[in-house]
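Participant: First the structure, which I've put down as structure tokens, then a few questions once you've had a look.
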Amino acid sequence: MIAIDLGSNTIRMVTFDGETWGKSFEKVVRTAESLHTTQRIGDSAVERIIGAIEEGKQKLDFHAHDVIGVTTAAMRLAQNRTEVLEIIFRRTGVVFTLIDGEKEAALTLMAVRYRLMQMGRLPSRFLLSDIGGGSTEFVESKEGSCRSVSFNIGIVTLSESATQESERNKKLASFVSDIRSFADPHGGDLLVLTAGTPTTIAAYLSGMDYDHYDPERINGFKLRLKDCHRVYQELLDMDEATRIRYVGVGREQLIATGILMVIAIYSALNIQEAVVVDDGLREGVALNYYAQSCHIF
């Protein structure tokens, strides 16, 4: 099967046969562009999404597999989501199911737990954070049970809604307060980070650029707070072409905001280190396809 995650910034696809992960594809589509002011998914974003799906069809065999697509925060917030999803279906044949933050968190947790188990590193208790383009999910996994929360703040929406440093800092402070309301900052839980920002930081620290990204080298990476600060400054000091080389086209203006959100999470939880996992929502969708007894949908 092919699992597709249409996020607020990136569309991600992967093939899976129940045991082995196959080809994957992802592209920045900026679904949430200008959403905070218009409350709508723009025509340009729709065209980027459709173009990315057609590009994905050239790399993954859509005719030979069932295709399961989900979409998240941007579509949840958009007033024209029904119209947009119908246009995407009419022009690509792909049906996207809109899922809420709780289901998004549950599917992402399924993927992360599976990866940690495969690595032999699944703890009985941990916190999971997934920073998206339009929202950020937190999950507390404890002795097989979990609770979750979804915050309406992501790298795209924060970048576009807080163009002044003072406004951005105010929203980050509110983000820190919200995290502390959900999780005990002195609980001592392992923090697991997934999504594009922490994986990009880990890749950069591992000497990889965007075109040579290797998820196997990312899974289990220990990301220290002091290294987040260092990468933030080094990326800011780069010229735009060099920054694109490391973070990819369409993300060069967002990565700084993403790193500041990661730093805010460390501050909220009073920690100095976290573990990075590449697997996320798309992998959770694929795993759930082969485990319908979980009744996540």
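The values are calculated or read from the model by the stated rules, or taken from the named source; none is laboratory data. This is a predicted model, so every value here is computed, not measured. Neighbour counts are summed over all protein chains in view; Cβ atoms, including those assigned to glycine, are modelled from backbone coordinates with ideal geometry.
Participant: Would you confirm, using the coordinates I've provided, whether L223 is modelled with pLDDT of 95 or more, surrounded by 15 or more Cβ atoms within 10 Å (Cβ to Cβ) and not in a helix (DSSP H, G or I)?
Facilitator: Details: modelled with pLDDT of 95 or more: yes; surrounded by 15 or more Cβ atoms within 10 Å (Cβ to Cβ): yes; not in a helix (DSSP H, G or I): yes.
When the stated conditions are applied, L223 passes them.
Participant: Here's another thing I want to ask about it. Looking at the structure I just gave you, is G22 of a type in the set (G, A, S), under 20 Å from the mean Cα position of the chain (by Cα), in a helix (DSSP H, G or I) and at negative phi? Give the derivation first.
Facilitator: Working: of a type in the set (G, A, S): yes; under 20 Å from the mean Cα position of the chain (by Cα): yes; in a helix (DSSP H, G or I): no; at negative phi: yes.
Answer is no for this residue.
To keep it simple, each residue is scored yes or no on (1) modelled with pLDDT under 90; (2) surrounded by fewer than 19 Cβ atoms within 10 Å (Cβ to Cβ); (3) over 25 Å from G284 (Cβ atoms); (4) not hydroxyl-bearing (S, T, Y).
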| site | (1), (2), (3), (4) |
| --- | --- |
| P185 | yes, yes, yes, yes |
| L193 | no, no, no, yes |
| G196 | yes, no, no, yes |
| T199 | no, no, no, no |
| A203 | no, no, no, yes |
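Participant: Would you tally the residues in region 61-79 being under 18 Å from L281 (Cα atoms) and hydrophobic (A, V, I, L, M, F, W, C)? Before you say what the answer is, go through the steps one by one.
Facilitator: Taking region 61-79 first, the residues under 18 Å from L281 (Cα atoms) are 66-76.
Adding the requirement that they be hydrophobic (A, V, I, L, M, F, W, C) leaves 67-68, 70, 73-75.
Within region 61-79, residues that are under 18 Å from L281 (Cα atoms) and hydrophobic (A, V, I, L, M, F, W, C) number 6.
Participant: Name the pairs whose Cβ atoms lie under 7 Å apart, with the first residue in region 215-227 and within 20 Å of R12 (Cβ to Cβ) and among the aliphatic types (A, V, I, L, M), the second modelled with pLDDT of 90 or more and in a helix (DSSP H, G or I), and 6 or more positions between them or separate chains?
Facilitator: Going by the 7 Å Cβ cut-off, the qualifying pairs are I218/T199; I218/A202; I218/A203.
Participant: Where the second residue is at pLDDT 95 or above and in a strand (DSSP E or B) and the first is farther than 10 Å from L98 by Cα and lies in region 67-78, which pairs have Cβ atoms under 6 Å and are six or more apart or on separate chains?
Facilitator: V67/I2; I68/A3
Participant: Does region 154-164 include one or more residues that are loosely packed, with under 13 Cβ neighbours inside 10 Å and either in contact (Cβ under 8 Å) with a residue 24 or more places away in the chain or of a type outside the set (D, E, K, R) (or both)?
Facilitator: Step one: list which residues in region 154-164 are loosely packed, with under 13 Cβ neighbours inside 10 Å, which gives 163-164.
Subset that is either in contact (Cβ under 8 Å) with a residue 24 or more places away in the chain or of a type outside the set (D, E, K, R) (or both): 163-164.
Looking for residues that are loosely packed, with under 13 Cβ neighbours inside 10 Å and either in contact (Cβ under 8 Å) with a residue 24 or more places away in the chain or of a type outside the set (D, E, K, R) (or both), one finds at least one in region 154-164, hence yes.
Participant: Sticking with this structure for a sec: Among (1) at pLDDT below 90; (2) among the polar types (S, T, N, Q); (3) closer than 20 Å to A274 by Cα; (4) surrounded by fewer than 14 Cβ atoms within 10 Å (Cβ to Cβ), which single condition is S177 missing?
Facilitator: (1)
Participant: Taking region 58-73, which residues are under 20 Å from E86 (Cα atoms), hydrophobic (A, V, I, L, M, F, W, C) and at pLDDT 90 or above?
Facilitator: Scanning region 58-73 gives F62, V67, I68, V70.
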